[in-house]
1. For residue 161, work out the one condition from (1) modelled with pLDDT of 95 or more; (2) within 20 Å of residue 215 (Cβ to Cβ); (3) surrounded by fewer than 21 Cβ atoms within 10 Å (Cβ to Cβ); (4) among the hydroxyl-bearing types (Ser, Thr, Tyr) it doesn't fulfil.
2. Would you mention how many residues in the stretch 258-279 are without any contact (Cβ under 8 Å) to a residue 40 or more places away in the chain and either assigned to a strand (DSSP E or B) or surrounded by 19 or more Cβ atoms within 10 Å (Cβ to Cβ) (or both)?
3. Consider the stretch 164-197. How many of its residues are open to solvent by 100 Å² or more (accessible area, probe 1.4 Å) and either at pLDDT 90 or above or closer than 18 Å to residue 214 by Cβ (or both)?
4. Look through the stretch 206-221, keep the residues that are among the polar types (S, T, N, Q) and touching a helix residue (DSSP H, G or I) at 6+ places or on another chain (Cβ under 8 Å), and return whichever of them is surrounded by the most Cβ atoms within 10 Å (Cβ to Cβ).
5. Is it the case that some residue within the stretch 221-244 is in contact with a strand residue (DSSP E or B) (Cβ under 7 Å, 6 or more places away or on another chain), closer than 15 Å to residue 98 by Cβ and at pLDDT below 95?
6. Across the stretch 231-242, what is the total count of residues that are open to solvent by 50 Å² or more (accessible area, probe 1.4 Å) and in contact (Cβ under 8 Å) with a residue 40 or more places away in the chain?
7. Kindly establish whether residue 200 is touching a helix residue (DSSP H, G or I) at 6+ places or on another chain (Cβ under 7 Å), surrounded by 19 or more Cβ atoms within 10 Å (Cβ to Cβ) and among the basic types (Lys, Arg).
8. Residue by residue through the stretch 77-104, note down the ones that are in a loop (DSSP other than H, G, I, E, B), hydrophobic (A, V, I, L, M, F, W, C) and within 19 Å of residue 297 (Cβ to Cβ).
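The values are calculated or read from the model by the stated rules, or taken from the named source; none is laboratory data. Since this is a predicted model, take the numbers as computed values, not measurements. Positions of Cβ are backbone-derived with ideal geometry, glycine not excepted, and every protein chain shown enters the neighbour counts. Just so you know, the surface numbers come from the protein's heavy atoms only, side chains and all, with ligands and any DNA or RNA stripped out. Shrake-Rupley method; radii C 1.70, N 1.55, O 1.52, S 1.80 Å.
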Amino acid sequence: LVHTMPSLPNVLLLVEERMGQKLAPNDLKSARDYVIRCIVDKDKSMVPAIIEAISDEAGAIPPAVMCLAFEVKLDDMVHHPLLSLLNAFSIYINPYKQLELVSKAYDVFRQSLGLLVVPGKANLSIPFKEKGCKQFEDEAWYRALVFPKEMNESQDSLIVTVQVKATAKKKMHCKSLCTGVNMTGCYFHPSAANHPLIDRAFVAVHPNGGNCLVLAQDKVNATTFSKAVTDLNEAAALLAAKTGIRDVLVVVNVIGASDKTKSQDQLNFPYILVRSIEVDDFYSINFAPMVRHARERALLSK
């Protein structure tokens with residue numbers, strides 16, 4: 001299945017023609033519920049017997065069947081969050097930009113369903129916890145975070161590099177929050193190719209009150225991991241100081257790295273690590289195969 005806008009209508013028409021009569025409304029509801037459970041459950045979700053015949057050996061449901069289960073209409077292909085996610089895997093998108101688009105679309109899809117920010121099986125870590133540090137909230141607090149009800153995408157730059165104390169011999173640079181930025185209700189995905197420190201950012205909400213900055217980098221590899229950690233620490237400190245939001249959650253998508261990485265130990269804020277070993281847990285079994293393909297494509301394009 002090629003996930004491109006021109007081909008999806010044809011694929012859906014074929015699926016409806018060949019399988020639509022065989023998939024009863026209860027079958028599609030079970031498929032929809034299963035996709036959601038795979039994201040939110042802390043343990044592996046069992047494939048319901050009623051849809052076992054349409055899932056693969058790993059338990060993943062085909063994208064076209066997911067479209068039927070989530071009632072994607074052919075006249076709503078541009079705006080439906082699930083279609084936006086599937087179309088983010090198009091082979092015509094720049095491989096590294098694709099990693100950002102996939103992660104953003106996955107957030108938007110989950111927000112549209114009212115799901116939590118942290119997937120149930122995600123690898124969430126709290127720095128310095130073993131030393132008895134009380135600087136951060138406990139893990140349960142971060143796992144209860146929800147997406148804001150209104151989450152309008154902004155492609156504006158959030159952080160800018162400014163030059164200070166420049167002399168003929170030396171130029172000093174620092175990062176600053178862009179003038180007039182309001183993060184409330186916005187999902188920042190800056191369009192600038194050289195945007196410093198982060199790829200995406202938004203403010204999550206806790207049900208009991210309080211906000212949390214969620215900052216992400218999506219194009220990190222084993223070679224750049226250490227620098228990415230430094231950048232994320234700097235971004236988190238800057239945005240926390242400028243917005244007054246004390247709590248921060250960092251998401252690091254690391255491609256082509258083993259499960260033996262150590263750079264994450266230098267992160268100064270709670271974080272979710274998504275290496276190859278964590279792709280299934282973060283993106284769920286239904287989207288993980290496509291995410292892995294996108295990651296491999298980015299690695300091969302270097």
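1. Failing condition for residue 161: (1).
2. 3
3. Result for the stretch 164-197: 1.
4. From the stretch 206-221, those among the polar types (S, T, N, Q) are 208, 211, 217, 221; that's our starting set.
Cutting the leftovers down to touching a helix residue (DSSP H, G or I) at 6+ places or on another chain (Cβ under 8 Å) gives us 217, 221.
Values: 217: 25, 221: 17.
So the residue we want is 217.
5. Yes; the residues of the stretch 221-244 include at least one that is in contact with a strand residue (DSSP E or B) (Cβ under 7 Å, 6 or more places away or on another chain), closer than 15 Å to residue 98 by Cβ and at pLDDT below 95.
6. If we filter the stretch 231-242 for residues that are open to solvent by 50 Å² or more (accessible area, probe 1.4 Å), which is where we start, we get 234, 237, 241-242.
The next check asks that each one be in contact (Cβ under 8 Å) with a residue 40 or more places away in the chain; those that pass are 234, 242.
The number of residues fulfilling the criteria is 2.
7. Details: touching a helix residue (DSSP H, G or I) at 6+ places or on another chain (Cβ under 7 Å): yes; surrounded by 19 or more Cβ atoms within 10 Å (Cβ to Cβ): yes; among the basic types (Lys, Arg): yes.
Yes: the conditions hold for residue 200.
8. Let us first name the residues in the stretch 77-104 that are in a loop (DSSP other than H, G, I, E, B), namely 77-80, 88-94.
Remaining after also requiring hydrophobic (A, V, I, L, M, F, W, C): 77-78, 88-89, 91, 93.
88, 89, 91, 93, listed by residue number.
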